[in-house]
Structures are given as C-alpha cells and as structure tokens.
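In what follows, a structure is listed as structure tokens, so that the remarks can point back to it.
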Amino acid sequence: TGTIWFTRRDLLNDPTEHLHIHKIVEYCLLNGSLNSDFVEHIKQVNNFFFSCKNGSQCISIDKNICLASFSMDGDALPMWNCYANSQQSEGYNIGFDFNLIRDNADTFCIAPVIYKQTIQIEAIFEYLSYLEDMWLITVDKTGKFDEAKNKINTALLDYASEVGCLFKSKYYEYEKEVRIIVHPKSKMLKTRGSNGRSVYYLPVQFEKNIVKSITSSPTMDRNIAQNKIKNIIEQEGYNVEIKHSNVPYRNSY
C-alpha cells in the first residue's frame with residue numbers, strides 16, 4: 001500500500017510501556033530532596049495519570065499518540081524470532097533511509113528509545129527540578145497554589161506523554177528501537193484486527209525512494225526468498241537492494 005502504520009500508543013505489544021515513566025517519576029520523588037509541598041502534589045498527579053492509563057475503566061489520557069517502530073539492527077536473531085517466527089519461519093525486514101525520512105519530518109518526532117534506567121532517572125530528576133522551580137516561582141509571585149498546580153499538571157502531562165514514548169524496560173534493549181511519533185486527530189485513525197482485538201492506527205504514505213533494502217530471514221532458502229521478493233519489487237516499481245540474513249541458523253521446520 002505504500003504506507004507505514006502508526007499504532008496508537010496504548011495498543012502496542014508491551015501493554016505496560018505507557019506506565020513505565022510514571023514508575024520512574026515515583027522513584028525520583030521518593031529518592032530526591034525536593035520541596036515537600038511540591039512532592040506531595042506531584043505524587044497525587046502522577047498517581048492519577050498512572051490510574052488513568054492502567055485498567056479498563058479509564059481511557060488513556062494520551063491515547064492519540066501513535067508510533068511507528070524501527071530497529072537500528074537490521075539483522076538480529078532475537079528480532080527474527082519475535083517477528084518472523086511463523087510455522088513456515090519466513091519473513092522479511094525492510095530497510096528505510098532515515099535521512100530521507102527526517103527531511104520530510106516536519107510533523108514527526110524521531111528519536112531512539114532509552115532503555116538504561118540510570119539515564120531515565122537522570123532525565124526525570126532534571127525535569128522535576130525544572131518543575132519545582134516553576135512551582136516555587138509561581139507560589140512566590142502569586143501566593144496561589146492552585147495556579148501553580150495547574151501549570152505543573154499541564155507540564156507534567158505533556159512531558160510524560162512525549163518522553164514516556166521513549167522510555168522502555170531494559171528487557172527490550174536488544175531491539176535497539178528508534179521511533180517516529182505523531183499526534184493525529186481521532187477521526188484520522190483507522191482500525192484493524194490483531195489477535196482478537198481492534199487496533200487503532202494511522203496509515204501514513206511514504207515515497208518509494210526511502211526504501212533502501214529488503215532482507216529475508218535466516219531460515220528461508222536464499223534463492224527462493226530473493227526470487228519471491230524480486231518479482232514483487234519490480235512489479236511495484238521499487239529500486240532496492242535485496243539481501244539475505246547473515247545469521248547462521250537452520251530452519252527447524
């Protein structure tokens with residue numbers, strides 16, 4: 001179809017990843033030396049965000065953030081096993097030219113995923129310090145805690161929604177993931193079936209020249225795999241390098 005599918009954030013493979021940043025915030029509040037009134041308010045707000053994203057009774061408050069996921073490693077055995085391990089054990093991955101994507105990314109955010117918890121904690125501490133300054137300045141100037149709370153709530157929600165897209169558990173580090181993030185309006189989303197559930201996604205058209213390679217999985221016969229894909233790309237008008245995985249792996253089926 002010439003489209004990349006951006007999946008709504010709360011429907012990704014890891015059902016807990018949109019909660020991850022709130023656990024890091026909680027850790028930093030417990031282990032920092034911030035203003036006590038500020039900390040108490042952030043705890044309440046963070047717990048509210050967490051509850052709204054955790055469970056079927058609350059609709060995720062940042063649900064219309066949509067993601068497309070890529071890997072910097074185009075030939076990793078764990079990735080082949082996760083995404084191309086069907087009964088026939090056949091599959092391909094598509095290599096994209098990210099420089100060309102960036103050239104046309106006015107409405108996108110493109111960034112690598114952060115897996116190391118030490119870096120996540122450092123980023124949260126830095127942002128909480130910024131929010132604390134905002135809190136103290138607002139209270140000092142106006143004496144109004146409600147005004148300070150409203151500013152903090154908005155800022156923390158924006159940060160948790162955006163940066164939270166790039167925080168993942170260390171157990172997914174092998175993916176070496178890079179994400180493209182978009183913010184579509186609800187009416188732009190489409191639905192598809194996946195494992196018995198409805199998944200909301202945004203199809204985004206791409207130019208053919210951003211596709212640079214197609215690699216077949218290690219368990220496929222090299223000649224058969226390359227002949228299959230060669231016919232398809234010639235028919236569809238793509239000019240790409242056809243490759244086969246370098247992973248030494250025998251098909252067990």
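Figures for the structure shown
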| quantity | calculated |
| --- | --- |
| Subset of segment 222-246 [part of a strand (DSSP E or B) and over 21 Å from residue 101 (Cα atoms)] | 243, 244 |
| Residue selected from segment 30-53 under the condition within 23 Å of residue 113 (Cα to Cα) and not basic (Lys, Arg), by the criterion surrounded by the most Cβ atoms within 10 Å (Cβ to Cβ) | 49 |
| So residue 199, is it of a type in the set (Val, Ile, Thr), at pLDDT 90 or above and open to solvent by less than 30 Å² (accessible area, probe 1.4 Å) | no |
| Count of segment 129-148 residues which are open to solvent by less than 60 Å² (accessible area, probe 1.4 Å) and within 18 Å of residue 22 (Cα to Cα) | 3 |
| When residues of segment 147-169 are limited to those that are assigned to a helix (DSSP H, G or I) and among the small types (Gly, Ala, Ser), the one nearest to residue 133 (Cα to Cα) | 148 |
| Any pair with Cβ under 6 angstrom, 6 or more apart, that starts in segment 170-189 at a residue that is assigned to a helix (DSSP H, G or I) and ends at one that is surrounded by fewer than 16 Cβ atoms within 10 Å (Cβ to Cβ) | 174/78 |
| Qualifying residue in segment 215-228 (condition: within 17 Å of residue 74 (Cα to Cα), among the acidic types (Asp, Glu) and out of contact with any Leu (no Cβ under 8 Å at 6 or more places or on another chain)) | no |
| So residue 75, is it in a loop (DSSP other than H, G, I, E, B), out of contact with any Asp or Glu (no Cβ under 6 Å at 6 or more places or on another chain) and modelled with pLDDT of 90 or more | yes |
| Any hit, segment 213-221, residues being within 19 Å of residue 71 (Cβ to Cβ), among the hydrophobic types (A, V, I, L, M, F, W, C) and assigned to a helix (DSSP H, G or I) | no |
| Residue in segment 206-216 that is among the polar types (S, T, N, Q), touching a Gly at 6+ places or on another chain (Cβ under 8 Å), over 24 Å from residue 113 (Cα atoms) and open to solvent by less than 90 Å² (accessible area, probe 1.4 Å) present | yes |
| Every residue from segment 149-181 that is surrounded by fewer than 18 Cβ atoms within 10 Å (Cβ to Cβ), closer than 12 Å to residue 62 by Cα and touching a strand residue (DSSP E or B) at 6+ places or on another chain (Cβ under 8 Å) | 162 |
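Here's the yes/no breakdown for (1) more than 14 Å from the chain's Cα centre (by Cα); (2) closer than 24 Å to residue 3 by Cβ:
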{"position": "141", "(1), (2)": "yes, no"}
{"position": "147", "(1), (2)": "yes, no"}
{"position": "160", "(1), (2)": "no, no"}
{"position": "185", "(1), (2)": "yes, yes"}
{"position": "192", "(1), (2)": "yes, yes"}
{"position": "204", "(1), (2)": "yes, yes"}
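The values are calculated or read from the model by the stated rules, or taken from the named source; none is laboratory data. Just so we're clear, the structure is a prediction, and the values are computed from it rather than from any experiment. Counting neighbours? That spans all protein chains shown, and the Cβs are built from the backbone with ideal geometry, glycine included. All accessible areas refer to the heavy atoms of the entire protein, side chains included, with ligands and DNA or RNA removed. Shrake-Rupley method; radii C 1.70, N 1.55, O 1.52, S 1.80 Å.
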